[in-house]
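The next block holds one structure in the form of structure tokens; read it before the comments.
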Amino acid sequence: MRILRKVFDFYIKSSIHVAFAVYCLLEITVFSNRLNAIDYFSICVFFGTVLGYNFLKYFAVFRRGNFRSNTYFAILGVSFLAGIGFLISFYFLNYSIQKLILISGFLVLIYPFMRKYGWLKLFLVSFVVTFITVYIPFQTVKWLPIEFYLSLIQRFFLLTSLLIPFEIMDSKIDDKSLNTLPQLMGVDSTKLFGILLVIPFIVLEFLKLHPSYLVLPIGIITVTLINFTELDRNKYYTSFWVESVPVFWWFWLFLFF
């Protein structure tokens with residue numbers, strides 16, 4: 001049991017779970033909008049997410065060489081392998097797609113400099129993931145349909161909502177000078193803000209030519225997770241359950257459609 005717990009912890013800490021969630025968001029866009037998949041792009045996104053998240057989370061540790069346990073060495077190894085996987089898949093992509101990925105990579109690199117603008121970094125993360133999982137997949141379409149614009153707004157709202165539990169739980173350790181949403185608005189108002197964003201996420205779906213009723217359970221789950229977010233919640237509440245929402249969505253999409 002302890003071994004399974006360690007494996008699960010490493011799965012979370014090495015950013016494999018969040019990478020799978022981002023991969024699922026990409027596949028949801030492709031499947032729901034009947035788009036042509038871009039060869040090697042989903043692989044590139046998965047490995048790039050592992051590499052990018054680990055860079056943001058562990059850059060200070062890697063730079064100082066301050067490894068406190070074998071876990072950090074293992075994460076460094078996973079990051080190295082993810083970097084190789086990213087470079088190989090990136091090489092086979094079309095040049096126009098490569099440029100778009102480099103733009104998203106640049107936005108990831110400036111994230112650490114946005115930390116002093118706590119409320120802004122929340123929207124930066126939502127924007128980057130929306131750009132990768134909605135904007136780029138639609139580049140296979142010559143004339144962008146209304147679904148493209150609706151999906152962009154939907155995804156940005158949903159991601160911002162899903163990041164609210166992280167903002168709230170991190171507020172207990174965030175420096176007061178960061179001006180995060182919970183610090184500026186209070187926990188209850190921040191929850192309300194996240195919940196209200198779910199409404200247009202659901203409503204906009206029914207403006208599409210082929211709406212999916214799966215937005216309803218996804219919206220309900222998101223609202224529930226936000227509502228029950230507390231400062232003393234277990235770390236897995238956000239790092240596993242909240243990040244699993246896109247995974248559930250992807251699973252149900254392929255199961256019922």
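The values are calculated or read from the model by the stated rules, or taken from the named source; none is laboratory data. Note that the structure is predicted; figures quoted are calculated from it, not measured. Here Cβ is always computed from backbone atoms with ideal geometry, including for glycine, and neighbour counts include all displayed protein chains. Ligands, DNA and RNA are excluded from the accessible area calculation, which covers all protein heavy atoms including side chains. Shrake-Rupley method; radii C 1.70, N 1.55, O 1.52, S 1.80 Å.
Condition check for LEU93 on (1) part of a loop (DSSP other than H, G, I, E, B); (2) closer than 19 Å to PHE41 by Cβ; (3) out of contact with any helix residue (DSSP H, G or I) (no Cβ under 9 Å at 6 or more places or on another chain): one failure, at (3). Count of region 21-53 residues, restricted to those that are within 13 Å of the chain's Cα centre (by Cα) and under 15 Å from PHE86 (Cβ atoms), is 10.
Scan region 210-229 for residues that are touching a residue at least 12 places away in the same chain (Cβ under 8 Å) and either touching a helix residue (DSSP H, G or I) at 6+ places or on another chain (Cβ under 7 Å) or of a type in the set (D, E, K, R) (or both) and report the count. The qualifying residues number 13. Among the residues here, VAL125 does not qualify as closer than 23 Å to PRO211 by Cβ, at pLDDT below 95, among the β-branched types (Val, Ile, Thr) and open to solvent by 10 Å² or more (accessible area, probe 1.4 Å).
Mind listing just one residue for me: the one in region 63-75 that is surrounded by fewer than 16 Cβ atoms within 10 Å (Cβ to Cβ) and among the hydrophobic types (A, V, I, L, M, F, W, C) and, of those, modelled with the lowest pLDDT?
Looking at the filtered set, the residue picked out is PHE67.
Apart from one condition, PRO246 fits all of (1) within 25 Å of PHE46 (Cα to Cα); (2) surrounded by 12 or more Cβ atoms within 10 Å (Cβ to Cβ); (3) of a type outside the set (A, V, I, L, M, F, W, C); (4) modelled with pLDDT under 95; the exception is (4).
Note on region 136-174: among residues that are modelled with pLDDT of 95 or more and aromatic (Phe, Trp, Tyr), the one that is most open to solvent (accessible area, probe 1.4 Å) is TYR149.
With respect to being free of Cβ contacts under 8 Å to residues at least 60 places away in the same chain, in contact with a helix residue (DSSP H, G or I) (Cβ under 9 Å, 6 or more places away or on another chain), under 24 Å from TYR23 (Cβ atoms) and in a helix (DSSP H, G or I), LEU253 falls outside the description. Name every residue in region 13-50 that is open to solvent by 60 Å² or more (accessible area, probe 1.4 Å) and aliphatic (A, V, I, L, M), in order of residue number. Correct list: ALA37, ILE43.
The set of residues from region 32-50 being part of a helix (DSSP H, G or I) and modelled with pLDDT of 95 or more comprises PHE41, SER42, ILE43, CYS44, VAL45, PHE46, PHE47, GLY48, THR49, VAL50.
Select from region 199-220 the residues that are aliphatic (A, V, I, L, M) and either open to solvent by 70 Å² or more (accessible area, probe 1.4 Å) or out of contact with any Phe, Trp or Tyr (no Cβ under 7 Å at 6 or more places or on another chain) (or both) and list them in ascending order.
Hits for region 199-220 are ILE199, ILE202, VAL203, LEU204, LEU207, LEU209, LEU216, ILE220.
Out of THR190, THR133, report the one residue that is open to solvent by less than 10 Å² (accessible area, probe 1.4 Å) and either of a type in the set (Phe, Trp, Tyr) or in contact with a Lys or Arg (Cβ under 9 Å, 6 or more places away or on another chain) (or both). Only one candidate qualifies: THR133.
Within region 173-185, the residues that satisfy the criterion of being of a type in the set (D, E, K, R) and over 22 Å from the mean Cα position of the chain (by Cα) are ASP175, LYS176.
Pairs linking a residue in region 87-108 that is of a type in the set (Ser, Thr, Tyr) to a residue that is open to solvent by less than 90 Å² (accessible area, probe 1.4 Å), with Cβ atoms under 6 Å and 6 or more positions apart or on different chains, are SER89/ILE43; SER89/CYS44; SER104/VAL128; SER104/PHE131; SER104/ILE132. Restricted to region 175-231, the set of helices (runs of 4 or more DSSP H) holding at least 1 residues that are of a type in the set (S, T, N, Q), at pLDDT 95 or above and farther than 20 Å from TRP249 by Cα comprises 187-205.
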